[in-house]
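The values are calculated or read from the model by the stated rules, or taken from the named source; none is laboratory data. The structure displayed is predicted, hence computed values, not measured ones. Cβ placement follows ideal geometry from the backbone for every residue including glycine, while neighbour counts extend to all protein chains displayed. To get the accessible areas, we keep the full protein, side chains included, count just its heavy atoms, and leave off ligands, DNA and RNA. Shrake-Rupley method; radii C 1.70, N 1.55, O 1.52, S 1.80 Å.
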Amino acid sequence: MIDLNLLNDRQREAATHGLGPLLIFAGAGSGKTRALTYRMAWLIENGVAPYNILAITFTNKAAREMKERVKALHEEGGQIWVSTFHSACVRILRREIQHIGYGNQFTILDAEDSEKVIVRCMSELKLDTRYFSPKAFAKEISGIKDHLKSPEEFAAKPNRFPGPAISKVYASYQKKLMDSNNLDFDDLIFLVVKLFTTRTDILEKYQDRFHYIMVDEYQDTSVSQYKLISLLASKYGNICVVGDDDQSIYSWRGADIRNILSFEKDFPGAHVVKLEQNYRSTQTILKAANMVIANNSRRMPKQLWTENEKGALIKRLIAPNDMDEAAFVVDIILDGVKNGGKFSDYAVLYRINAQSRSIETECSTRGVPHRLIGGVRFFQRQEIKDVLAYLKALQNPRDDVSYMRIINTPKRGIGETTVKSIAEFASANEMPFSQALAEADQYSRNKGIAGFIQLMQHLSDFAKENIVAEIVLEVLEKSELELNLKKDDTEEAKSRLENISSFVSMAAEFSSREADESEKTLGAFLEGVSLVADVDSYKQEEDAVVLMTLHNAKGLEFSKVFMVGVEDGLFPGNQTIMTGDLEEERRLFYVGITRARKELYLSTAKERRFRESIQANSPSRFLKEISADIVETKRKRSQASAAKSRPDQRSAARPKSNNFLPTPKGWTLGFGVGDEVFQCKFGFGFVESITPAGADYEVTVNFSKAGKRKVMAKLSNLIKAIK
């Protein structure tokens, strides 16, 4: 029996709503997941079969958390279908896609591979990539699919130039995907909607399966996602959506804030509940958040409040430049850890990925453990994509993209000209690339191609009889991908081997997990890889500072948050300032503020290096929307100017000789206080103090250009300079 007394009044109202549409406006930190999971458990307790409940969220991480929490509330909770939009659609397509002309052993292309197909289409259509951008075409086609237009429908109204060119590429692209039994990410929802609208019998089958539908983060739904949910809910009308219009920050990838603001119009008679009590942040942080978001006009009025403590003032950090800003941030983190805190208490959030570099460099130089979320994704690394291409080719022999990637990986003496010729033969004869390899006599006599065909036949036979973990090991051994890297005795090769080792561990974990055999297939493994998001890799238990964009931070919370680069031109960006539509940027600022539980730092630099130029930006206009009585300003002097101002500063001019004492393999501290040292980033300086720090030493150095810095001797490769 679930205990509804553990909910506040508004949460309880949402959890116990019966039939009909329900809209839950859930402010940041207001316990929306608790309300949703209790609602699911309450429905089961009141006679609804878990089989008849569908819960949709936006990340695998959120889906896992939701499922675990429902299971903890009710023993049958694990039977509810909880997944992301795309995972749910893949599951439906595996069962039904043959009704619209595809095979159910399809593979899913990532953005990079989709773009490769578009390049091929453009080449065949004689469209010069110097004038037409494949990346721009890919973005346009993605938007067309989100608006549920087929190539034929778009061709009827292709809009102004370059619409006709896009129309031709779209038609060619979609045909190539279908011929190779590939889907791109947008197809997952696009094709399910097509299936439901052309086969009403299949739609009704899923409507009867899902009597109750719940959608989390509804403010982030796109046109196609809205259509999908509307179709599924149209028979029984028991749709519950949870969201916060104040956190709608994804219009650039198709999210439409009108979906949540128009819910009552779209679903007449909807019951509306507002969750406004915040359980996350201090009163001061919430006061700032409320002040900022009140300046938006397109929103449902809400006022977050909390019974938490008043808390510390918001810290406004001002630094001379971006490197000093990074040093300022790391100073505060190290002081906090020295006083009993943990590195994992801290998150550094920024508007664009490029801002992470100075923070990463400072953390590395000073020995601060940190984790970058959303850099080069693990599954996008070359060596991992190579292994995945082999696996995808085994799963779907019609997958031309994968076959063209692996035919000469590692090198087998098959040149690009040969590969292009095979692709042209395949296209002319309307057959998959893999079939062209075997059927064209002129290619089958090539020893490299003959060996490759034999290899793929062996791997195909092996894959039919073995689990995923063993298939991965067999691919690595027989393809010689791993052996090829082992022959290359470089740091880069070693790093790639470590990544492959991690991938093998993932496959082993997948194969050993408790699940039905139907959920442990190669196809299921590849689906999981294709649908993973950047934030899914974030592990809260790891003691490291988290670095991520504000967009990636949505849905997460941290004890102490730094928002860096809060400057006009960067946040909000120049383009947004020129258009005058600041509402989404302001919502993003609001999201950043509400990630913090205890402390919030808002940082600006007077000068910032950006794209090889120096910019001098004004503080963000959003900062003026927070009243001065809850803000404490802290300034940092330039490290270089601080060093110059000291009269007893020893000259650290560069020695005439370029001979340095190298760091020995066994590694010992090769210098003492007063010695002149060199570090690749900061240059030359003199040692002022040395403090043991575990297996390393923290060294205070007065650098001639960078001023006084604390660096870890071993980690930063600090060496003694010899004249």
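For segment 63-80, the count of residues that are under 26 Å from residue 201 (Cβ atoms) and surrounded by 21 or more Cβ atoms within 10 Å (Cβ to Cβ) is nonzero. Across segment 217-252, what is the total count of residues that are in contact (Cβ under 8 Å) with a residue 24 or more places away in the chain, open to solvent by 10 Å² or more (accessible area, probe 1.4 Å), closer than 26 Å to residue 144 by Cβ and of a type in the set (Phe, Trp, Tyr)? Qualifying residue count for the region: 2.
Looking only at segment 701-723, count every residue that is within 19 Å of residue 363 (Cβ to Cβ), assigned to a strand (DSSP E or B) and open to solvent by 50 Å² or more (accessible area, probe 1.4 Å) and tell me the total.
2
Listed residues 479, 444; which is open to solvent by less than 50 Å² (accessible area, probe 1.4 Å) and at pLDDT 90 or above? Answer to the check: 479. When restricted to residues that are surrounded by 15 or more Cβ atoms within 10 Å (Cβ to Cβ) and touching a Pro at 6+ places or on another chain (Cβ under 8 Å), segment 130-189 contains 9. Annotation note: of 33, 107, 59, the sole residue that is modelled with pLDDT under 95 and surrounded by 22 or more Cβ atoms within 10 Å (Cβ to Cβ) is 107. Within segment 40-56, the set of residues being assigned to a loop (DSSP other than H, G, I, E, B) and open to solvent by less than 10 Å² (accessible area, probe 1.4 Å) is empty. Scanning segment 560-591 for residues that are under 17 Å from residue 251 (Cα atoms) and of a type outside the set (A, V, I, L, M) yields a count of 15. Within segment 376-392, none of the residues are touching a helix residue (DSSP H, G or I) at 6+ places or on another chain (Cβ under 9 Å), at pLDDT 90 or above, more than 29 Å from residue 552 (Cα to Cα) and open to solvent by 50 Å² or more (accessible area, probe 1.4 Å).
Right, residue 671: free of Cβ contacts under 8 Å to residues at least 40 places away in the same chain, over 21 Å from residue 326 (Cβ atoms) and of a type in the set (A, V, I, L, M, F, W, C) or not? Full working, then the answer.
Details: free of Cβ contacts under 8 Å to residues at least 40 places away in the same chain: no; over 21 Å from residue 326 (Cβ atoms): yes; of a type in the set (A, V, I, L, M, F, W, C): yes.
No.
Against the criterion of being surrounded by fewer than 16 Cβ atoms within 10 Å (Cβ to Cβ), of a type in the set (Ser, Thr, Tyr) and without any contact (Cβ under 8 Å) to a residue 24 or more places away in the chain, residue 618 does not qualify.
For the residues 547, 556, 602, 531, the requirement of being within 18 Å of the chain's Cα centre (by Cα) and within 22 Å of residue 322 (Cβ to Cβ) singles out 547. As a summary of the residue check, residue 3 satisfies the conditions (1) under 34 Å from the mean Cα position of the chain (by Cα); (2) within 30 Å of residue 285 (Cβ to Cβ); (3) open to solvent by 10 Å² or more (accessible area, probe 1.4 Å) except for the one numbered (1).
Could we say that residue 255 is aliphatic (A, V, I, L, M) and surrounded by 18 or more Cβ atoms within 10 Å (Cβ to Cβ) here? If you could, list the steps in order and put the result at the bottom.
Details: aliphatic (A, V, I, L, M): yes; surrounded by 18 or more Cβ atoms within 10 Å (Cβ to Cβ): yes.
Considered against the rule, which asks whether it is aliphatic (A, V, I, L, M) and surrounded by 18 or more Cβ atoms within 10 Å (Cβ to Cβ), residue 255 comes out as yes.
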